[in-house]
1. Outside the structural domain of B:VAL73 (by TED's automatic domain parsing), assigned to a helix (DSSP H, G or I) and not aliphatic (A, V, I, L, M): is that true of B:LYS28 in this structure?
2. Which condition does A:LYS27 not pass, out of (1) in contact with a strand residue (DSSP E or B) (Cβ under 6 Å, 6 or more places away or on another chain); (2) under 23 Å from A:THR185 (Cβ atoms), if it passes all the others?
3. Of all residues in the stretch B:255-276, which are crowded, with 20+ Cβ neighbours inside 10 Å and within 22 Å of B:THR327 (Cα to Cα)?
4. Inspect all residues belonging to the stretch B:401-423 and state whether any of them is part of a strand (DSSP E or B) and at pLDDT below 90.
5. Name the helices (runs of 4 or more DSSP H) wholly within the stretch B:273-392 that hold at least 1 residues that are within 14 Å of chain A (Cβ to nearest Cβ)?
6. Is it fair to say B:SER491 is among the polar types (S, T, N, Q), over 19 Å from B:LEU209 (Cα atoms), more than 10 Å from ligand 1 (Cβ to nearest atom) and in a loop (DSSP other than H, G, I, E, B)?
7. If you go through the stretch B:182-223, how many residues are within 19 Å of B:ARG118 (Cα to Cα), within 14 Å of chain A (Cβ to nearest Cβ) and more than 9 Å from ligand 1 (Cβ to nearest atom)?
8. Can you tell me how many residues within the stretch A:225-259 are touching a Cys at 6+ places or on another chain (Cβ under 8 Å) and within 16 Å of ligand 1 (Cβ to nearest atom)?
Amino acid sequence: MSRIVTKEFLSENVVKLELEAPLIAKKRKAGHFVIVKIGKEGERIPLTISQANPDKGTITLIIQRVGVTSHKLSMMNEGDEVTDLVGPLGHATKIENVGTVLCAGGGVGIAPLLPIVEAMHDAGNRIITVLAARNRELLILEKEIRAHSDEVIIMTDDGSYGTKGLVTNGMEEVINREKVNLAITIGPAIMMKFTSMLTKKYSIPTIASLNSIMVDGTGMCGACRVSVGGKTKFVCVDGPEFDAHEVDFDELLMRLGAYKEQEIEAYSRYLEVIKNR
Amino acid sequence: MSGFDAEYLKSRREAEWRVNLRKGIKAKERTNIERLKMPEVDPLERAKGHMEVNNGLTKEMAIVEAQRCLDCVNPTCISGCPVGINIPEFIKHIEAGNFLDAARTLKETNALPAVCGRVCPQEAQCEKSCFYTEKLGKKPVAIGNLERFAADFERDTGNAYVPEINEKNGIKVAVIGSGPAGLSAAKDLAGFGYNVTVFEALHELGGVLKYGIPEFRLPNEIVDFEIDNLKKMGVKFIKNFVVGKTASFDDLKQEGFEAFFVGSGAGLPNFMNIPGENYIGVLSSNEYLTRVNLMGAAKPEYDTPVVHGKNVAVIGGGNTAMDSVRTAKRLGAKRAMIVYRRSFEEMPARLEELHHAREEGIEFLNLNNPVKYLADKNGHVNKMVLQKMELGEPDASGRRRPVPVEGSEYEVEVDQVIVSIGVSPNPLIPQSLPGLKMSKWGTIEVDSDTMQSSVPELFAGGDIVRGGATVILAMGDGRKAAAGMHAYIKSKTKPGN
Ligand SMILES: Cc1cc2nc3c(=O)[nH]c(=O)nc-3n(C[C@H](O)[C@H](O)[C@H](O)COP(=O)(O)OP(=O)(O)OC[C@H]3O[C@@H](n4cnc5c(N)ncnc54)[C@H](O)[C@@H]3O)c2cc1C
Ligand code: FES
């Protein structure tokens, strides 16, 4: 059981929850995730730990409403309890001073990017962050990212904020301007695919944090498997971060659709139920 | 490894009640009794639901079956039991109608008799070395069924015997993993008087007994009952706690834990690494069974999804493969197939499971091996390419080696493939303890008597030491390790040390 301490909507469909989890808060490093399950009938879903406060014994999760469980989480209130919470899982990000790091965050991917930006900045790197969202309303955590970046470039699909264009446009501008030693990309699989193609063109080592489907999160089931460099890896125990240039993003995109039908059906059933309450 | 020495067994056999019981029925009459058949739910009926297949013996049946046992001078059955249960003694208690005493005899050496009676490969253990099998060429005494009967009887009385506990010694020990290895270690350690805490990574206790073995073979309530018994003995359980992640061994030592038992299992599923294995619809048996058993995916009120395949192929021939294919049948598969590269005789699954699977209409494609999978444009698997095999020379395991038949490839339509070709040890613990000595297979190396690892305060057993093995071996390891830990802690705390 883990109590919700604070709750805040960052945008219409993105909610930030601060949860009581003293042990996880103490152990967690940038890049780690947790598995959350709500109620007896709940499913297990992975969520990256966005921030942690070891003194207060809390961790912060940022959740986009996309299906039944994320919706349930977004409906919970301060004082409510999440039935099962386990972590921190996965390997932490390798934090070192490499020089200039170009970070790219898309949509709710900005949430898992934040702790990495923070840690990389603390390690003495020059951080340039490109944030991308469909429009101004959907852009999250700008202030927090700015606090740990030397420069922030904002790209929106509709031009309602920052520059109109894709995340790759913003990145390419930086790459053409100055030497980049490392790129980090987190966001929808399709975005990571294209950012990775871009940095490959310029031979910039790149890390992607993958968001595969998971069940247990402890290496037991293989639901999370991806091909990296032609080898099958388990995202939950071998990742979640991998050399982006070796990841088979097309396969990842395909596998993310494995339960699409069931998920859509379950979500519409769920929305129907809560509408009629 | 056996629980008791020969002298003790002999003295038990000479107890008056056993002598009299033996005299009661002539050996000839005993051997004339036919082995009874376990009552089962009708195959067509049971393949529609998840009810347990076997109904269990009635009291009358159990007594008749117990009469078959000759109470041999040299009980070879015991040497076939990995934990050395005093088999004739418990069976004779049943014959005498003292069912609770039978259960108690079982519990002297077996922490989970209701589980073992259901899942042990008796035909390769006790029943294989039964006098009936060895010398009479007859069907063995149904030791497994009788074990199950006695344990169920005790549970049904509602007040199972809680083993006695030595005076609490105030020493904290940790058990990592709540599978059969961890549970049996926890039981013995609690009995010795330790403060035992079991840490479990998942949100449910029981390890494979919960997430792997299906309800129709091992109902969850049986596992929960055993766990409740441990709670009554004072064992503390903490779920959602991954040792090595949520806290390190050093953290736990700081918390005062003086010794550790690692029973973290062999959770990591193996794949064949053939083309198309990552297509949608190809999944490990662990994933499939976890979704259905642990996450309740087949029940509408549960959130976890599972695909109900129509043409389902399960690759492999072990218990896990049988559990998967029979689950697929229960979820409505029209064709539920086993694909196994050796012949039927070589399949490692329990005989009873093979028999049940056949009754339920499972197809067996033996001497076949998948070489690749094909998919539709969305990446959903729609065909598997199988290659025929034939048996060649015996390999190191003594089984004849399957050899591919060149040019024999053919396609079979499938919409779900469940890969069940074995598991590797869970790497989480070794990753978090770089000093721990491991084998090249990724198992923890231990002393085979004490189960102590290269890290003195750390003991291990079950699948993390053996690779994928059995429930009973895991339990035997747990008990040995508990004794090893007890000796270790005593030697450490001896005055003058
Ligand atoms: C589907 C299936 C059917 C089977 N059928 C049979 C059968 O009929 N007969 C038979 O004898 N055997 C059978 N087996 C094999 C048998 O179940 C195993 O050999 C046995 O369960 C091993 O026990 P264990 O305690 O070593 O590990 P497990 O039962 O695997 O338990 C390990 C537990 O440790 C937990 N864990 C792992 N790492 C950590 C960590 N770092 N911190 C905290 N917890 C952790 C895991 O979550 C798990 O719950 C079957 C196996 C499967 C998968
Ligand atoms: S989520 Fe099950 S192995 Fe990674």
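The values are calculated or read from the model by the stated rules, or taken from the named source; none is laboratory data. No experiment lies behind these values; they were computed from the predicted model shown. Positions of Cβ are backbone-derived with ideal geometry, glycine not excepted, and every protein chain shown enters the neighbour counts.
1. Working: outside the structural domain of B:VAL73 (by TED's automatic domain parsing): no; assigned to a helix (DSSP H, G or I): yes; not aliphatic (A, V, I, L, M): yes.
Here the answer is no, as B:LYS28 does not meet what is asked.
2. (2)
3. B:ALA266, B:GLY267, B:LEU268, B:PRO269
4. Here is the first cut: in the stretch B:401-423, the residues part of a strand (DSSP E or B) are B:401-404, B:410-413, B:416-419, B:423.
Of the ones still in play, those that are also at pLDDT below 90 are B:401.
Within the stretch B:401-423 (the criterion being part of a strand (DSSP E or B) and at pLDDT below 90), the answer is yes, since at least one residue qualifies.
5. On the way: elements: B:285-289, B:319-330, B:351-359.
The qualifying helices (runs of 4 or more DSSP H) are B:285-289, B:319-330.
6. Details: among the polar types (S, T, N, Q): yes; over 19 Å from B:LEU209 (Cα atoms): yes; more than 10 Å from ligand 1 (Cβ to nearest atom): yes; in a loop (DSSP other than H, G, I, E, B): no.
No: the conditions fail for B:SER491.
7. So the answer is 1.
8. Number of matching residues: 2.
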